Amino acid sequence: MLELKNLHAEVEGEGIEILKGVNLKVSKGEIHAIMGPNGSGKSTLSKVVAGHPHYEVTKGDILYNGESILEMDPDERAHAGIFLAFQYPVEVPGVTNTTLLRESYNTIAASRGREELDPLEFDDYIKEKLSLVEMNPDFLERSVNTGFSGGEKKRNEIFQMAVLQPTLSLLDETDSGLDIDALRIVSDGINKLHGDHDAIVLITHYQRLLNYIIPDHVHVMINGRIVKTGGKELALELEEKGYDWLESLETVNGEAK
Amino acid sequence: MSETKALESMIGEEYKYGFTTDIEYEDFPSGINEDIVRLISEKKNEPEWMTEFRLKAYRAWVEMEEPSWFNATYEKPKFDTLQYYSAPKNKPKLNSLDEVDPNIRETYEKLGIPLDEQKMLAGVAVDAVFDSISIFTSFKEKLAEAGVIFCSISEAVQDHPELIKKYMGSVVPARDNFYAALNSAVFSDGSFCYVPKDTICPMELSTYFRINNMNSGQFERTLIIAEENSHVSYLEGCTAPVYDENQLHAAVVELIALDNAEIKYSTIQNWYSGDENGKGGIYNFVTKRGACRGKNSKISWTQLETGSVVTLKYPSVILQGDNSVGEFFSVAVTNKMQQADTGTKMIHIGKNTKSTIISKGISAGRSNNSYRGEVKISKKADNARNYSQCDSMLIGQTCGAHTFPYIESANPTGKIEHEATTSRVGEDQIFYLQQRGISEDDAISLIVNGFCKEVLKELPMEFAVEANKLLGIKLEGSVG
Ligand SMILES: Nc1ncnc2c1ncn2[C@@H]1O[C@H](COP(=O)(O)OP(=O)(O)OP(=O)(O)O)[C@@H](O)[C@H]1O
Ligand SMILES: [Mg+2]
């Protein structure tokens, strides 16, 4: 479904290279976890896949369902089924959650030739999705993320995922900021949303999340590259040993520095 | 950065109202002197006292200096070559629609304002002003049944001289400022509205101002009087053709609210705003002021300012009556090379008077957008309250936003609160919405509409859609 081939990316116009040759293959039905130290490029990777204009791909390719999406705008990538749950969800004052989601849902539906929902139908539809992440309906009429607590913003991201039903979800540190109960509820929600036809990439610092959402593969990213890949047990090992022992791998590989 | 450029270029969609109507005008000499002022008065068949009013104003104007204290630079209007009066040759008698020049009728149709009562928005009476001359006022009979007078100022001078004598110039005296003095000397037409005691005006009133003639200045005069226990809501809309030359528009609007009366005055201003390099466009130098004369009276100004190359405008309220309320809700959008210096004055004189100011400035392109507000609490105004909120939004890196609040309080019981914010429509905000499948255009539109929401909801419902559309046109376009 998603294939990153020797992906290099830098901050547009500033020549600061952040992704330094990422290779990754994600197939339908899979869950991947990406871990790694602060500043190693995990969020940048997710934004580059979603098409953030601030970063420029200088080398390599992003294939989605076998085709390069480098030339596609962020909204076109969203129409194609790519969803990014932001590490820092953005506030949009004066625009209610419902307004945003109805517009999102209907644009995506239209682009995929699905039927658009009128306000009443949409109302029923999102009420059902709310319950999936046990979110209070009051949030529907509040401005997007405006004044939301850290945890509320994260839950809101997964609520949006539930509404938009993407095929590839990149979840950037969704667990950070969620309290113990919220983590369980949101994880349950993500598990319910996941099936044979979609894939999830989780970015996280904590192995605890992976007790709830069991990954098929765990990757370690250091200094803009994936330096190690393993199964679920790799996360446990990292929890125990930290990243120090992997730093050397990065230089052994050569080209990174 | 390329993204920012895309953002900036999309904001400049072409002006849709820039066409010209081909009609014949009456001959009228250009320039200004006492004879010209007399000639205007004569053309309009005015009584002696009106001519005197004009001449006094003219003499005051000659002594005055053109102001330059605002945050805008532009080429000064050429007062000695300007044409101060312009009227279509076949001026109808304003009795029936059939008498309106078909070209002018078509102009209004094109603007989306059919003059045919059947076709008009239900519940909205329109006064159509073309090059400062009132062309047609709809629903006159229906309003008359309720006792409401809604007609052109010229007609009011003829038919209701006692009201004009009593109120014209009572809120904005001829000597008030340079442009008000000029207007008082040469005003050509405008709208007049009188709502009698205990009357709720049965429909929205609205005036559409259209500038067509290239060489003429526009000097409209609007006067609205709400007697005790009355209520009226009024809206003005403005458009003009695209010309390379700047045109001067210097109107005066006066509102008077007596005991328990309420006036709601809304403006959707979309004069031609010049091209990318600031060539052409309207100079919008307008004096708007309301007087809350009676106790418990209320005046609200709501404005959506999107057009003109230079705007200097401060709709104000003088809160004389005890417990009176003044409100100012404003959205000012500047783009390209536009400059807007706009805001309000709230003058608290009566006890327990209250004022609210909500101003939203959106700047894009290479434009400059300033808010200038004055809140004054005089000695006798016990327990006066003001709340001001001024928010600026910047789109791109080349525009400017400024806030100049002036506060003056001579009474220790007064309370003044002022809040101001500046935000930038960030790439991150747009990216977030795009990631949710929304196009760049629509994302900007959503963000801006969200930003202005508090003000837009103050517009009369019939015009809310129009306002949204206008913001859309102003801020959307093809991504470059
Ligand atoms: N626009 C930018 N300009 C300059 N540096 C940037 C920019 N964006 C990212 N970086 C840098 O790139 C590096 C990777 O950032 P990124 O946010 O991807 O890290 P991360 O792995 O998600 O870290 P964390 O675990 O702390 O979230 C950091 O050093 C960051 O400062
Ligand atoms: Mg990160």
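So if each residue of separation counts as 0.36 nm, and I subtract the Cα-Cα distance between A:Ser149 and A:Tyr206, what length gain in nm does that give? Intermediate results must be reported in sequence, preceding the final value.
Numbers: separation 57, 0.36 × 57 = 20.52 nm, distance 2.04 nm.
Full extension of this stretch gives 18.5 nm more.
Between helix A:180-193 and chain A there is an angle of about 80 degrees, using the helix long axis and the longest principal axis of the Cα atoms. If you run the Gaussian network model on chain A, springs between alpha carbon atoms under 10 Å, then out of A:Thr204, A:Thr174, A:Thr229 the most flexible one is A:Thr229. Distance between the pseudo-spin-label points of B:Thr73 and A:Asn65 (7 Å out from Cα toward the beta carbon): 5.5 nm. What the Cα atoms of chain A give is an Rg and a Dmax of 18.2, 59 Å. In the protein assembly as shown, the DSSP-assigned H stretches of four residues or longer account for a calculated mean residue ellipticity at 222 nm of -8500 deg cm²/dmol, using -39500 (n - 2.57) per stretch and the full residue count as denominator. The residues of the stretch B:433-455 listed by number as losing at least 30 Å² of accessible area in the complex, against the isolated chain and with a 1.4 Å probe, are B:Leu433, B:Gln434, B:Gln435, B:Arg436, B:Gly437, B:Ile438, B:Leu446, B:Gly450, B:Lys453.
Run through the stretch B:366-427 and list the trypsin sites (Lys or Arg not before Pro) located in a DSSP loop whose Cβ has at most 15 other Cβ atoms within 10 Å. List each step's numbers first, then the result.
Details: sites: B:Arg366, B:Arg372, B:Lys376, B:Lys379, B:Lys380, B:Arg385, B:Lys415, B:Arg424; in loops: B:Arg366, B:Lys379, B:Lys380.
Loop-located and lightly packed - B:Lys379, B:Lys380.
With R₀ fixed at 30 Å, the C-beta to C-beta distance from B:Lys379 to B:Glu417 puts the FRET efficiency at about 0.90.
Average accessible surface for chain A: 43 Å² per residue, computed with a 1.4 Å probe over protein heavy atoms with every protein chain in place. The angle between the Cα long axis of helix A:150-164 and the longest principal axis of the Cα atoms of chain A comes to about 70 degrees, rounded to the nearest 10. Buried between A and B is an accessible area of approximately 2300 Å², summed over both sides with a 1.4 Å probe. With the simple spin-label model, which puts each label point 7 Å out from Cα in the Cβ direction, the B:Glu24 to B:Glu42 separation comes to 2.2 nm.
Here the spin labels are modelled as points 7 Å beyond Cα on the Cα-Cβ line, and at B:Lys165 and A:Glu239 they lie 9.3 nm apart. Accessible surface of the stretch A:2-256, 1.4 Å probe: 47 percent of it comes from carbon and sulfur atoms.
For GluC sites (Glu not before Pro), the sites in the stretch A:1-71 that DSSP calls loop and that have at most 14 other Cβ atoms within 10 Å are A:Glu14, A:Glu71.
With contacts taken as Cα pairs under 8 Å at a separation of at least 6 residues, the stretch A:2-256 carries a relative contact order of 27 percent.
The values are calculated or read from the model by the stated rules, or taken from the named source; none is laboratory data. Given the structure is predicted, the values throughout are model-derived calculations rather than measurements. Glycine also receives a Cβ, built like all others from the backbone with ideal geometry; neighbour counts cover every protein chain displayed. Please note that ligands, DNA and RNA were not included when accessible areas were found on the heavy atoms of the full protein model with its side chains. Shrake-Rupley method; radii C 1.70, N 1.55, O 1.52, S 1.80 Å.
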